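Remarks on the structure that follows.
The values are calculated or read from the model by the stated rules, or taken from the named source; none is laboratory data. If you're wondering where the values come from, they're calculated on a predicted model, not measured in any experiment. Quick reminder, even Gly has a Cβ in these numbers, built from the backbone with ideal geometry, and neighbours come from all protein chains shown. Quick note on the areas: whole protein, heavy atoms, side chains included, nothing else; ligands and nucleic acids left out. Shrake-Rupley method; radii C 1.70, N 1.55, O 1.52, S 1.80 Å.
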Amino acid sequence: MKTSIVLVETLFVAFLATGSIAFAQQKESPASPYLDLSEPQHVLPEAQEWEGKEFPHTLSVLELNRDGFRYWGWYGLNEGMGIGLARSNDLVHWTKYEKNPLWTNARWPSVLEKADPKDPELFYFAIVRDYDTPSSHIVLATSRDGIHLKEKKILVRGVPNQRNQNPNLFRDPVSGRFFLTYYRGNDKDQFEIVSRNAAAVSNLGKAREKVLIRSTETVAAPTLLYVKPTGKNSGIYYLATEIYPHRYTNDPEGEWQVKVFAANAPDGDFQPVAGNPVMKGQRACLFQHIFNNRFYGYDCHLEANDKWILEEVEAPLP
C-alpha cells in the first residue's frame, strides 16, 4: 500500500514538473526581429590628406538644412587621429568639409541637437580622447555651428588598465531624458556596456552607472535607436553592438560582427534579436538613424589588414 502511494505521489510530482516546464515553454516569448537591412554600400571613399593612414570609422548624422546641405555627419577615424565633418543631401553621397579636422586626438563623435530648451541652437558632442590607451576617456563638447567645438568637461574619467570608449548620446523620445551608453573594459576578458541617464546632458558626468551587458568575450560600440509603435506593435529600443567571436584565438571563424539587442526601455533588459548577427563579414560599429520614416545605418567594414571603409545600409521601418 505504501509503495502504491509513493508511486502515485512520484508520478503526480513528475506530472507537475513536466506540466509546468511545458507551460513555461509555451509562454516563452519569441525573440524580437530587427530591421531588414539592405546590402551595404561604400560611402566617404575619398581621403583627405590629414587622415594619413587612417580611415573613417563612424558617422553620427543630423538633419540640419544648412549651407546647402540637408544632412551633416561627424566622422571619426579608426585609430583616433581626429574627427571630421561631412555633408550630404541624400545620406549616401557625402562632401567632406575642406577645413577638416575639427579636432585631433579625438574619436567616435556622437552628437545631439536641440538638447537644451534654453539654448536650442547648441550642439552637444560626446567624444573619446586618448583612444587605445589605458587612460582613454570620454568628454563633453559643445558647438554653435557644428564646426568649432569647445571641450566642456569629462563625462567618463580614465581608469588604469581599463578603457572607457564608444560613447553614444541618445535622447529618449518617450521620457525626454538623456542617455550616455558606452563600452568599458580591458579589451581582453572584461567587456561591459554601461548606461547613464540624466534630465540634462550636462549632468551625465555625475549620473549613476548601470551595466546593461557584461561579458568575457568582445562586445562594444553600443548605439541606441527607438522605433515608434505602429499598429499592434509597441515601441521598441534597439541596442546595436559589435562583437568578435573567437577573438584572440586561431579559429578561422573569428571576425567582426554586429549583434543587436532589444528592450522596452533605453536601459532595460536587453535581449538578443532574432537572426543575430545582423551584419557579419568583418563589419562593426553600426550607427543607427531614422530619417523620413526610414532607417539609415553606418557601419565600418574591415576590407583588408588595417584597412577599414565606411558603409551605409537602409531599411524600411516596421
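First measure r as the distance between the Cβ atoms of N186 and T95, then evaluate 1/(1 + (r/R0)^6) with R0 = 25 Å and state the FRET efficiency to the nearest 0.05.
0.05
What is the extension gain from K307 to N293, computed as 0.36 nm multiplied by their sequence separation minus the C-alpha to C-alpha distance, in nm to one decimal?
Once the chain is fully extended between K307 and N293, it gains 1.8 nm.
Which of the GluC sites (Glu not before Pro) found in the range 230-317 are loop residues per DSSP with 14 or fewer other Cβ atoms within 10 Å of their Cβ?
E253
Could you work out the relative contact order of the chain? I mean the mean sequence separation of Cα pairs under 8 Å and 6+ apart, divided by the number of residues, in percent. Show your work: numbers first, answer last.
Numbers: 795 pairs, mean separation 44.6, N = 318.
Relative CO of the chain lands at 14 percent.
Which far-off residues, 5 or more places away or on another chain, put their amide H under 5 Å from the one on D132, with H placed in the peptide plane?
So D132 has HN proximity to no qualifying residue.
Contour minus end-to-end for L317 and T216, with contour as 0.36 nm per residue of separation and end-to-end as the Cα-Cα distance?
Gain on stretching L317 to T216: 33.0 nm.
Per residue, how much accessible area does the chain show when a 1.4 Å probe rolls over the protein heavy atoms, in square angstrom?
Per-residue value: 51 Å².
Dipole of the range 43-152, Cα-centred, from +1 at each Lys and Arg C-beta and -1 at each Asp and Glu C-beta, to the nearest 20 debye?
Charge dipole of the range 43-152: 220 debye, to the nearest 20.
Determine the share of the range 260-318's accessible area contributed by carbon and sulfur atoms, expressed in whole percent, with a 1.4 angstrom probe.
Values: 1040 of 2390 Å².
Here carbon and sulfur together make up 44 percent of the probe-accessible area.
By how many degrees, 0 to 90 and rounded to 10, does the Cα axis of helix 2-27 deviate from the longest principal axis of the chain?
Value to nearest ten degrees: 20.
Apply the Karplus parameterisation 6.51 cos²θ - 1.76 cosθ + 1.60, with θ equal to phi minus 60°, to every residue of the range 166-172 and state each ³J(HN,Hα) to the nearest whole Hz, in sequence, with x for glycine and proline.
3J(HN,Hα) across the range 166-172, in whole Hz: 6, x, 10, 8, 8, 9, 6.
Could you tell me which chymotrypsin sites (Phe, Trp or Tyr not before Pro) in the range 219-318 are loop residues by DSSP with no more than 15 other beta carbons within 10 angstrom of their beta carbon?
Within the range 219-318, the qualifying chymotrypsin sites (Phe, Trp or Tyr not before Pro) (loop, at most 15 other Cβ atoms within 10 Å) are Y248.
Give the range of the longest stretch in the chain that excludes all trypsin sites (Lys or Arg not before Pro) found in loop regions by DSSP and having at most 12 other beta-carbon atoms within 10 Å.
233-318
List the aspartates and glutamates whose Cα sits under 18 Å from the Cα of K99, skipping any in the same chain fewer than 8 residues away.
In chain and number order, the partners are E46, E49, E51, E54, D67, D145.
Only Lys, Arg, Asp and Glu count, each charged at its Cβ (+1, +1, -1, -1), so figure out the dipole size of the range 189-318 about its Cα centre, rounded to 20 debye.
That gives a dipole near 660 debye.
Would you please give the residues with an amide H less than 5 Å from that of S32, counting only those at least 5 places away or on a separate chain, with H modeled from the backbone geometry?
The list, which skips near neighbours in sequence, is A274.
Just flag the GluC sites (Glu not before Pro) in the range 94-155 sitting in loop per DSSP whose Cβ has no more than 13 other Cβ atoms within 10 Å.
Taking the range 94-155 and a limit of 13 other Cβ atoms within 10 Å, the loop GluC sites (Glu not before Pro) found are E98, E121.
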